[in-house]
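These notes concern the structure reproduced below.
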Amino acid sequence: MKKQIEITVPNDWSAVSFTQYLRLQQDLKNYEDTPEAQEPTLLYHLCGIHPDVISSLDTTTLQSIREDLSGFLGKSEGYELQRIIRIGDVEYGFEPNLSKMAYGAYLDITAFENIELNDDWCEILAILYRPITKKRGALYEIEKYTGVEPWDGDKFRNLGMDFHFGGFFFFTRLYQDLLNSILKYTQNQTEMYPNIKSILEKSGKAIQQLQQLQEKSS
């Protein structure tokens with residue numbers, strides 16, 4: 001008697017939570033020297049298909065899943081920053097004016113070694129996204145920053161990667177703009193700001209892995 005299984009294949013990054021992404025990223029790193037394990041890792045974390053089941057799938061089904069995944073795996077930079085997000089009954093707003101951000105918030109963000117899509121990322125979001133206290137059209141005000149640790153970053157972990165990529169690439173573009181401005185005034189940017197290049201390089205590692213897997217499966 002054949003056993004029937006139900007497979008849910010995500011169509012875009014909004015269907016993949018940050019928690020799923022972190023687990024996928026970690027396992028891809030663990031198996032980076034074992035290419036044959038990378039596709040089963042993708043199918044397990046994104047579609048919930050256990051490695052033992054993959055061998056029982058017919059070729060047509062497996063190819064269809066590959067095509068669906070390859071349709072969005074390499075498309076992570078097209079998402080925009082979501083300034084307002086609702087979690088449960090609470091609306092959170094992104095810091096409305098970064099140039100007037102509380103100095104304490106700035107210090108707490110810069111205390112993190114790097115800005116990457118890792119375990120610290122949601123803590124950074126908890127600093128930048130705070131409950132909305134007043135709203136009129138596209139304008140809004142958020143709670144004042146108190147700087148009290150620990151920040152409740154867990155509430156962002158179940159949000160889709162469309163939200164996280166939008167915020168993350170907003171920051172990488174911000175850093176790139178900063179770097180370009182610095183280059184206008186100095187040619188020795190690696191000594192003055194050694195961390196900026198490192199941030200940009202490290203943050204793209206996981207995305208490059210997913211793009212390589214996309215090319216392999218297509």
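Where a number appears in this text, it was derived from the coordinates with a stated rule and is not lab data. This structure is a prediction, so every number in the text was calculated from the model and none was measured. Virtual Cβ from ideal backbone geometry, glycine too; neighbours counted across all protein chains shown.
List of remarks:
- The distance between label points at PHE112 and ASN30 comes to 2.4 nm (points 7 Å beyond Cα on the Cα→Cβ vector).
- Pairs of Cα atoms in the stretch 1-71 fall into 10 Å distance bins, from 0 up to the last occupied one, in shares of 18, 53, 27, 3 percent.
- For the stretch 40-90, applying the loop criterion from DSSP together with a ceiling of 16 other beta carbons within 10 Å to the GluC sites (Glu not before Pro) yields GLU77, GLU80.
- log10 of Debye I(q)/I(0), alpha-carbon scatterers only, for the stretch 1-119 at 0.23 Å⁻¹: -1.45
- Dipole size of the stretch 1-110 about its Cα centre, with +1 on Lys/Arg Cβ and -1 on Asp/Glu Cβ: approximately 200 debye, rounded to the nearest 20.
- Between LEU62 and ILE5, the modelled label-to-label distance comes to 1.2 nm, taking each label 7 Å out from Cα in the direction of the beta carbon.
- Exceeding the 28 Å Cα-Cα cut-off - candidates LYS75/LYS135; LYS134/LYS155; LYS75/LYS134: LYS75/LYS135; LYS75/LYS134
- Note on the stretch 16-100: dipole from Cβ charges, positive end direction compared against SER56, GLN20, TYR44; the farthest Cα belongs to GLN20.
- Each residue, VAL90 and ASP12, gets one label point 7 Å from its Cα in the Cβ direction; the gap between the two is 2.7 nm.
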